[in-house]
Amino acid sequence: MKKWEENIRRVTPYVPGEQPKRADVVKLNTNENPYPPSPKVAEALRQMQTEPMRKYPDPEAKLLVEAIARMETHAMQNCAFSDDSVCAGDVIDHSLADSECITPGQIFVGVGSDDVLAMIFLTFFNSEKPILFPDITYSFYDVWADMLRIPYVRQPLNDAFEIESKDYEKENGGVIFPNPNAPTGALLPLDTVEDILRHNSDVIVVVDEAYIDFGGITSVGLLKKYDNLIVVKTFSKSRSMAGMRIGYAVASEELIRYLNDVKYSFNSYTMNQTAIALGTAAAEDPVYFEETRRKIMATRERAKDELAKLGFSFQNSQANFLFVTHRSVPAAELFAALKEEGIYVRYFNKPRIDNYLRITIGTDEEMERLYAFLRVYPGIEC
Ligand code: PMP
């Protein structure tokens, strides 16, 4: 071994889901949205000029940050996101007073919520005490913690794969969990999130809401009461823009300032001009957002019925995926058979979940292809 090899920061990287090259694939493996982004995004793309690209983008990504602040304010005022919510306001109000809003100073944007989360780990998880997160959860958390040498202790989900809030009452250096959780899709009621916040007033609590728009109630409203809360969201799922890489955090202006200090110590220009322009356009189309998220939720509820009939069981997911296990056919076998058929789902060969498949909710037609294959698969009896 060469001397310098001793000093390499060796990491075991996160493994993203496969992006197959074949065009005929039914792609239900990476929780993307099957519908295209808002038509306003296509229009903004047509309007883009190449001349401004010669210059660096706005390091503050002000247009996008302001659009997200308005979008969050709009959501808080008009849409009580719940199973049967109605989003009353179709148009984002540009004239709201700061006092009744989420302000632009409360928004931090990054290259997907992965970038935002990595910055949060770096900025706020800096204690000798371990941070806490569930044992079955987004598999990037332990990768960042390992890379940044942040101590952590995984808190086991209960046998029903639910987060137990009492597990987060011990001394710690910070708390993070997705809501709904991934890959289970299980949603924590807002009361339980608040319970966790109440018991952790001395540390930063991060709620990763990548999938909140598919039936959950956001914790953003709790920011008024808890200045140690950071809510993280993304344009990758409910806004159909995984390829543009736009994520953001909502928190107190003070916490956002700390995050920006760290960001500017790394890379001032995280958001490119295209992401800023197209993200802004998406944020300003609440009607399209509402339509697509509702379509996905409706398809998901039908998928629950179909898959239950076929002998699968699963959490009552409130995300754009189902985490399923079959009573007789092993998940690993089914994963391989589905892939062979050109239907890609996600399989995690990990303790406790190695007999489960995570199936992203696609269009109704895509889901029909899945059911059709499963109905005749040996061992899956209806
Ligand atoms: N959080 C969770 C729980 C996720 O599943 C994902 C998607 N892989 C992300 C964050 C990151 O999403 P993105 O970087 O596309 O915003």
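The values are calculated or read from the model by the stated rules, or taken from the named source; none is laboratory data. Remember, it's a predicted structure, so these values are computed and weren't measured experimentally. A quick note on method: Cβ atoms are made from the backbone with ideal geometry, for glycine too, and the neighbour counts reach across all protein chains shown.
Tell me the residue from M297, M241 that is aliphatic (A, V, I, L, M) and touching a Pro at 6+ places or on another chain (Cβ under 6 Å), please.
Working: M297 fails: touching a Pro at 6+ places or on another chain (Cβ under 6 Å).
Matching residue, one of M297, M241: M241.
Condition first: away from the ligand (no atom under 13 Å from the Cβ) and hydrophobic (A, V, I, L, M, F, W, C). Now tell me which residues in region 164-187 satisfy that. Steps first, please.
Step one: filter region 164-187 for residues away from the ligand (no atom under 13 Å from the Cβ), giving 164-175.
Once the filter is applied, which keeps residues that are away from the ligand (no atom under 13 Å from the Cβ) and hydrophobic (A, V, I, L, M, F, W, C), region 164-187 yields only V175.
Is it the case, given these coordinates, that G112 is within 16 Å of the ligand (Cβ to nearest atom) and at pLDDT 95 or above?
Details: within 16 Å of the ligand (Cβ to nearest atom): yes; at pLDDT 95 or above: yes.
Answer is yes for this residue.
This table checks each residue for (1) touching a helix residue (DSSP H, G or I) at 6+ places or on another chain (Cβ under 8 Å); (2) not in a loop (DSSP other than H, G, I, E, B).
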site	(1), (2)
P13	yes, no
R22	no, no
E32	yes, no
E72	yes, yes
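Mind telling me which of the residues G279, G311 ends up being small (G, A, S), touching a residue at least 60 places away in the same chain (Cβ under 8 Å) and crowded, with 22+ Cβ neighbours inside 10 Å? Can you show your working first?
Details: G311 fails: crowded, with 22+ Cβ neighbours inside 10 Å.
Going through G279, G311 in turn, just one is small (G, A, S), touching a residue at least 60 places away in the same chain (Cβ under 8 Å) and crowded, with 22+ Cβ neighbours inside 10 Å: G279.
T280: touching a Gly at 6+ places or on another chain (Cβ under 8 Å), among the hydroxyl-bearing types (S, T, Y) and modelled with pLDDT of 95 or more, yes or no? Break it down stepwise before answering.
On the way: touching a Gly at 6+ places or on another chain (Cβ under 8 Å): no; among the hydroxyl-bearing types (S, T, Y): yes; modelled with pLDDT of 95 or more: yes.
The answer is no for T280.
Quick check on region 1-42: of everything there that is loosely packed, with under 14 Cβ neighbours inside 10 Å, among the basic types (K, R) and at pLDDT 90 or above, which residue is farthest from the ligand (Cβ to nearest atom)?
Per the criteria, the residue is K3.
Determine whether region 61-69 contains at least one residue that is farther than 22 Å from K263 by Cβ, part of a helix (DSSP H, G or I) and of a type in the set (A, V, I, L, M, F, W, C). Give the derivation first.
Narrowing region 61-69 to residues farther than 22 Å from K263 by Cβ: none.
No, region 61-69 has no match at all.
Yes or no: T137 away from the ligand (no atom under 15 Å from the Cβ), under 20 Å from the mean Cα position of the chain (by Cα) and not basic (K, R)?
Details: away from the ligand (no atom under 15 Å from the Cβ): no; under 20 Å from the mean Cα position of the chain (by Cα): yes; not basic (K, R): yes.
Answer is no for this residue.
Between S201, S219, which is of a type outside the set (F, W, Y), within 16 Å of the ligand (Cβ to nearest atom) and more than 20 Å from L63 (Cα to Cα)?
Values: S201 fails: within 16 Å of the ligand (Cβ to nearest atom).
Only one candidate qualifies: S219.
So which residues in region 358-382 are surrounded by fewer than 13 Cβ atoms within 10 Å (Cβ to Cβ) and under 13 Å from F321 (Cβ atoms), if there are any at all?
Keep residues of region 358-382 that are surrounded by fewer than 13 Cβ atoms within 10 Å (Cβ to Cβ), which gives 365, 372, 376, 378-379, 381-382.
Passing the criteria: none in range.
Inside region 222-250, can you point out the residues that are away from the ligand (no atom under 16 Å from the Cβ) and either of a type in the set (A, V, I, L, M, F, W, C) or touching an Asp or Glu at 6+ places or on another chain (Cβ under 6 Å) (or both)?
Narrowing region 222-250 to residues away from the ligand (no atom under 16 Å from the Cβ): 222-229.
Of everything in region 222-250, those that are away from the ligand (no atom under 16 Å from the Cβ) and either of a type in the set (A, V, I, L, M, F, W, C) or touching an Asp or Glu at 6+ places or on another chain (Cβ under 6 Å) (or both) turn out to be L222, L223, L229.
Could you list, in sequence order, the residues of region 204-216 that are within 16 Å of the ligand (Cβ to nearest atom), in contact (Cβ under 8 Å) with a residue 60 or more places away in the chain, in contact with a helix residue (DSSP H, G or I) (Cβ under 7 Å, 6 or more places away or on another chain) and hydrophobic (A, V, I, L, M, F, W, C)?
V206, A210, F214
Which residues, counting only those in region 270-302, are of a type in the set (V, I, T), assigned to a helix (DSSP H, G or I) and touching a strand residue (DSSP E or B) at 6+ places or on another chain (Cβ under 9 Å)?
Initial filter on region 270-302 (of a type in the set (V, I, T)): 270, 274, 276, 280, 287, 292, 296, 299.
Still in the list and also assigned to a helix (DSSP H, G or I): 274, 276, 280, 287, 292, 296, 299.
Answer for region 270-302, where residues must be of a type in the set (V, I, T), assigned to a helix (DSSP H, G or I) and touching a strand residue (DSSP E or B) at 6+ places or on another chain (Cβ under 9 Å): just I276.
Can you name the number of the only condition in (1) under 19 Å from L259 (Cβ atoms); (2) surrounded by fewer than 24 Cβ atoms within 10 Å (Cβ to Cβ); (3) within 16 Å of the chain's Cα centre (by Cα) that I217 fails?
The failed condition is (1).
Can you tell me which condition D305 does not meet? The list is (1) surrounded by fewer than 14 Cβ atoms within 10 Å (Cβ to Cβ); (2) farther than 18 Å from G215 by Cα; (3) acidic (D, E), and all the others hold.
Condition not satisfied by D305: (2).
Just give me the residues in region 352-382 being part of a loop (DSSP other than H, G, I, E, B) and either under 21 Å from E18 (Cα atoms) or within 19 Å of the chain's Cα centre (by Cα) (or both), in sequence order.
Once the filter is applied, which keeps residues that are part of a loop (DSSP other than H, G, I, E, B) and either under 21 Å from E18 (Cα atoms) or within 19 Å of the chain's Cα centre (by Cα) (or both), region 352-382 yields I353, D354, N355, Y356, I361, G362, T363.
Within region 353-375, identify whether any single residue is touching a Cys at 6+ places or on another chain (Cβ under 7 Å), over 19 Å from A186 (Cα atoms) and not small (G, A, S), and answer yes or no.
yes
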